[in-house]
């Protein structure tokens, strides 16, 4: 059971090789179930792609909100990593920092916070995101809700003042104690609530919305930068098109119909697509693999649900922004969607499938 | 027609240009009695017996059973449980070669298949121990005997060879094109079907051209170049790709009027009938980054792995895995004394750094496996269920429809050992079904007894 390491094609042996100095014993060989090769991607690779794709949006946020944004980013990432490490330690499991998922959560959380957030708000958010949003369920892969959004909504409900104090962007030099103002969607909501029209709200133009020169959470403002990153993710095959496309289409459809019916009180669908957290949500939060369905049909339903709920909350809800709530609600519906959209087994007749499913 | 799912692994068909070379005679062969799916035959020889090349070593014990034959002449050294590629020792005949390679006198060539009736052809194919060479090793005569109620109208010839690295079928199609097509005609005659369809992946257009050129006028065969995509050579997917018929879950190709045979099997059938030669050799690709001199080898069944590797210049010091078959579905070997058998389509030697160990992180529900599964299953959910040993739930997820092609595990970014889970899950679910059946039977018997009392 030993094997001579080959030395080349010199001489064709017709007799069994004899054991030699450096035998290869069975212990040296790996025996495992097939397949024996792999496509190459792994979880850290996926997470690194997401981080790279977030870079344009992040840079845009840093450009508009300056040092304040950087401070939020560093605090959130550090907080998430520390919490991830502590949680693993608490349950005596190997640390999972290397899968980059905590970094992604940290970056997404930061991008969902106002650049003027106090340090304690960011840290509480990190603990809630990793601890309450992920670790309590068993860590990566087992959380039903998007951890960063759990934290964002937790903070929004618990600290509404801090969470809706938006710094007015003034470029890289934006001071830490800069002036504050409303987000475009907030301004429109307030104006309409007071009986005025959308035009009278004095919201920024589409060009500012596209570039990100508006108030808001520091990572959500630049629709263009986020869209670029999202398209890159799509091109790299990390996300599937169904979620962002269905998300944007559903939002555009509902807000578009409302706008056509009553342009004075309902903003144009372009404002809704480019404003608020829609781009960040549709390309980076709703596409979170863990908390969205596994089938493509399921992802279409999921994305459309997100878009529909976002539009409904924005137009007729109490909050000017609805992306976070919409995604969390659809996260809750994910197991159900997965159940509905089980693919048909190869060769199975449609009728048989229904019967099998009902049984 | 294209099936959904599947993957595009790196093909590494580096040996496609290497002519088939006959492996020299060895001093020793180990011929397992069980080299096919079905009942192992009854051993006919004992220690000390002199055997001749092609002499039967076992006889079939029933319909789904085939004999094995001596690969060369010599003396039976032992009949014992010896290492087998499936992982545990199994009954085998060890033969010490006498170097004469003396042929058996009992060979009974039948001559031209065109003048023989199907029953005689079938008998000859079974007596020659012919099994499917695509890897599943199902006895060929059984596949060629569909029950009367199944109307078979199409013979599908599998020349897809979708497993990466393997080029044995490719070479057979190039070098033995005429024999392949004669074999196809023979099998069509056995089945009584009007036409055959040969499916070949688009990376082997030369094989298609060779077969088309070699096709005799009286063999009504069509040739189709298929998309190069794994697992194009899976029976169900090949049939769908060629004629759009879908084999139902749990069904067989004959349920949609098809019988699928591999190109190498066609040659074996022809040799069994024309020359009366039993299946004692096959073409296998010995390749991979960890073998010094890759080969397409005509190797006699029973040749120990060690000798085959030595013939190919030996393995490199950084060998990490030695696989029988291709990288997607092959079986990793740990004992260098296992023999190559009828089902061994190749020996793949991977380096340490190429051999993946599926350590298995948490499922991140990315859905890559769902996209990749050619059977329309949800491997992500099934993996989680199997991991928790909730095997009784796996039936609802159609685990028995899993063809173990490995596409799911190939793409899984968490490197979850999905195929391992499903292999075990299938076995466990079959046990559960068997238990349920037995219980129903017992209950029925009890009720019967109670009623008569």
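From least to most packed, judged by other beta carbons within 10 angstrom and beginning with the fewest, B:27, B:237 follow the order B:27, B:237.
Against chain A, whose longest principal axis is taken from its Cα atoms, helix A:223-235 shows a tilt of about 20°. Evaluate E = 1/(1 + (r/R0)^6) for residue A:339 and residue B:430, where r is the Cβ-Cβ distance and R0 equals 25 Å; express this FRET efficiency to the nearest 0.05. Computed FRET efficiency for residue A:339 and residue B:430 comes out at 0.45.
With helices as the sole contributors, chain A gives -17000 deg cm²/dmol at 222 nm; each DSSP H run of n ≥ 4 counts as -39500 (n - 2.57), and the sum is divided by every residue.
Using only Cα coordinates, the Kirkwood hydrodynamic radius of the stretch B:348-453 works out to 15.6 Å. Every helix of 4 or more DSSP H residues in chain B counts as -39500 (n - 2.57), and over all residues that averages to -8500 deg cm²/dmol at 222 nm.
Averaged over B:407-414, how many beta carbons belonging to a partner chain fall within 10 Å of each residue's beta carbon?
Taking all residues of B:407-414 together, the mean is 6.
Relative to one another, the C-alpha centroids of the stretch B:24-61 and the stretch B:281-356 are positioned 22 Å apart. Across the alpha-carbon atoms of the protein assembly as shown, the computed radius of gyration and Dmax are 32.6, 106 angstrom.
Extension gain, residue A:180-residue A:70: 0.36 nm per intervening residue step, less the Cα-Cα distance, totals 37.8 nm. When a/c reaches 1.5 or more, the comparison of a/b and b/c decides; with that in mind, is chain B rounded, prolate or oblate per its Cα gyration tensor? It comes out rounded by the Cα gyration axes. When the square roots of the Cα gyration tensor eigenvalues are ordered a ≥ b ≥ c, the ratio a/c for the stretch A:157-267 is 1.5 or more and a/b does not exceed b/c, which makes its shape oblate. Note on B:327-334: average number of Cβ atoms from other chains within 10 Å of each residue's Cβ is 5. The calculated FRET efficiency for residue B:222 paired with residue B:21, based on their beta-carbon distance and R0 = 22 Å, is about 0.10.
A simple packing score, the average count of other Cβ atoms within 10 Å per residue, orders the peptides A:89-95, A:238-244, B:340-346, B:208-214 as B:340-346, A:238-244, B:208-214, A:89-95, with the highest score first. Each peptide in B:297-306, A:129-138 was scored by the mean count of other Cβ atoms within 10 Å over its residues; highest first, the order is B:297-306, A:129-138. Between residue B:151 and residue B:393, the contour length at 0.36 nm per residue exceeds the alpha carbon distance by 83.6 nm. With each label modelled as a point 7 angstrom along the Cα→C-beta vector, the residue B:318-residue B:441 pair spans 5.5 nm. Rounded if a/c is under 1.5, else prolate if a/b beats b/c, else oblate: with a ≥ b ≥ c from the C-alpha gyration tensor eigenvalues square-rooted, which is chain A? Prolate, since a/c reaches 1.5 and a/b exceeds b/c. Measuring r between the beta carbons of residue A:48 and residue A:89 and using R0 = 22 Å, the FRET efficiency lands at 0.35. Put in order of Cβ neighbour count within 10 Å, fewest first, the listed residues B:200, A:301 become A:301, B:200. Mean per-residue shielding of peptide B:306-312 is 5, counting Cβ atoms of other chains within 10 Å of each Cβ. Residue exposure proxy: B:236, B:77, ordered by other Cβ atoms within 10 angstrom of their Cβ from fewest to most, comes out as B:77, B:236.
Each label point was placed 7 Å from the Cα along the Cα-to-Cβ direction; for residue B:352 and residue A:78 their separation is 4.0 nm. Using the alpha-carbon centroid of each, what span in Å lies between the stretch A:45-83 and the stretch B:151-210? First find each Cα centre; the distance between them is then 57 Å.
Where both bridge residues fall in chain B, DSSP classifies roughly 60% of the beta bridges as antiparallel.
Largest mean-square fluctuation among A:54, A:109, A:97, in a Gaussian network model of chain A whose springs join Cα atoms under 10 Å apart, belongs to A:97. A straight line joining the Cα centroids of the stretch B:223-247 and the stretch B:386-450 runs 27 Å.
Computed over the alpha carbons of the stretch B:81-237, Rg followed by Dmax gives 17.7, 50 Å. Put a dot 7 Å past the Cα of residue A:235, heading toward its Cβ, do the same for residue B:1, and the two dots end up 3.7 nm apart.
Every number in this text was worked out from the coordinates using simple rules, so none of it is lab data. All figures in this text were calculated on a predicted structure; none of them were measured in a lab. As a convention, Cβ positions derive from the backbone with ideal geometry for all residues, glycine included, and neighbour counts pool all protein chains shown.
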